[in-house]
Amino acid sequence: MYELMIIGGGPAGLCAAVYAARKKINTLLISTDIGGQVNWTTKIENYMGYQLIEGQELIDKFQKQVIQFPIDQKIGEKVNRLEWSDAGFTALGESGARYQSKVVVLATGKKPRRLNIPGETEFTGRGVTYCSICDGPLFAGQRVVVVGGGNSAAEAVLDMEKIAGHIDLVSLTPLTADPILVERMSAMKNLTIHIEYRSEKIEGKDFAEALVIKKLKDNTEKRLEAAGVFIEIGVEPNSDMVRALLNLNRFNEVPVSCFCETTVPGLYAAGDVTDVPDKQIIIAAGEGAKAALQAHRYLQRMDK
């Protein structure tokens with residue numbers, strides 16, 4: 001029985017682990033990987049203290065700070081379900097193992113929806129990206145493609161308006177983005193919109209060079225040259241494990257108070273899995289620190 005179990009190894013989980021260790025909390029960090037969505041990010045220019053840093057390099061620094069402390073880690077383990085009773089929390093791992101704690105910080109983040117087309121995986125981090133805010137400036141003056149037809153895609157296009165040389169927007173369906181966003185896009189001079197086209201494959205050598213698309217009506221193909229391919233078809237919170245415990249919001253995010261509290265006593269949540277707005281590394285890290293401090297206060301109250 002641990003005092004605290006942190007589920008998730010991204011910025012929120014790693015930061016929570018450091019703060020928990022400094023409070024001398026007996027802690028288990030359990031995660032499928034280290035880094036989470038940051039592993040999908042190439043260069044980061046908006047994390048304080050670094051004018052420019054690679055995503056993997058930043059996570060390496062986070063991890064080195066964590067391993068300075070005596071924190072038990074189970075990396076490579078997926079938690080399928082989290083249970084709660086008067087005795088505390090039990091995490092049921094995909095391996096069949098059971099992990100118990102008095103308090104939990106849920107920091108499982110989100111995962112981007114993928115196109116699942118040839119070239120997507122091999123060029124991820126080498127031209128293929130899932131975050132225009134994170135990676136947009138890397139493609140200054142270049143031609144890029146944004147895939148998607150909803151608000152995420154429209155916002156990515158608008159983010160790139162003053163950055164990219166030209167933008168191709170590819171949507172499988174008619175645009176579903178808010179009318180105000182569509183109106184703003186219609187005024188752009190450096191945008192070409194391709195409606196009812198399916199993304200077929202991403203081509204390139206060392207880096208992505210083009211997206212091949214196919215028109216649904218007649219199966220004709222186009223090759224859109226692009227240094228960057230922004231896949232903006234949405235993200236999904238990794239919240240399935242608490243679906244039976246909590247009432248999730250309409251985006252399947254975990255609602256939290258300003259103290260990172262959920263509706264279950266002793267269960268805190270931090271980072272992109274929550275309904276906290278603006279999914280950014282620095283925000284997730286701060287929320288992780290806050291959740292660990294609140295967990296510490298909860299444990300202190302339990303001991304009285």
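The set of residues from segment 138-194 being part of a loop (DSSP other than H, G, I, E, B) and acidic (D, E) comprises E161, D178. Residues in segment 158-195 that are buried (at least 17 other Cβ atoms within 10 Å of the Cβ) and of a type in the set (S, T, N, Q): 1 in all.
When N46 is tested against (1) in contact (Cβ under 8 Å) with a residue 12 or more places away in the chain; (2) loosely packed, with under 15 Cβ neighbours inside 10 Å; (3) more than 15 Å from L138 (Cβ to Cβ), exactly one condition is not met: (3).
When residues in segment 93-110 are screened for being surrounded by fewer than 16 Cβ atoms within 10 Å (Cβ to Cβ) and either farther than 30 Å from I233 by Cα or among the basic types (K, R) (or both), 5 of them pass.
The residues in segment 48-99 that are assigned to a helix (DSSP H, G or I) and of a type in the set (S, T, N, Q) can be counted, and the count is 3. Taking every residue in segment 162-174 that is in the same structural domain as I133 (by TED's automatic domain parsing) and pairing it with any residue that is polar (S, T, N, Q) and assigned to a loop (DSSP other than H, G, I, E, B), at least 6 positions away or on another chain, the pairs with Cβ-Cβ distances below 8 Å are A164/Q142; A164/N190; G165/Q142; G165/N190; H166/N190; I167/N190. When F251 is tested against (1) among the aromatic types (F, W, Y); (2) under 30 Å from D168 (Cβ atoms); (3) more than 15 Å from the chain's Cα centre (by Cα), just one condition goes unmet, and that condition is (3).
Scan segment 113-143 residue by residue and report those that are aliphatic (A, V, I, L, M) and either surrounded by 15 or more Cβ atoms within 10 Å (Cβ to Cβ) or over 15 Å from H166 (Cα atoms) (or both).
Within segment 113-143, L115, I117, V128, I133, L138 meet the criteria.
The values are calculated or read from the model by the stated rules, or taken from the named source; none is laboratory data. All values reported here derive from a predicted model rather than from experimental measurement. Don't worry about glycine lacking a Cβ; one is built from the backbone with ideal geometry, like all the others, and counts go over all protein chains shown.
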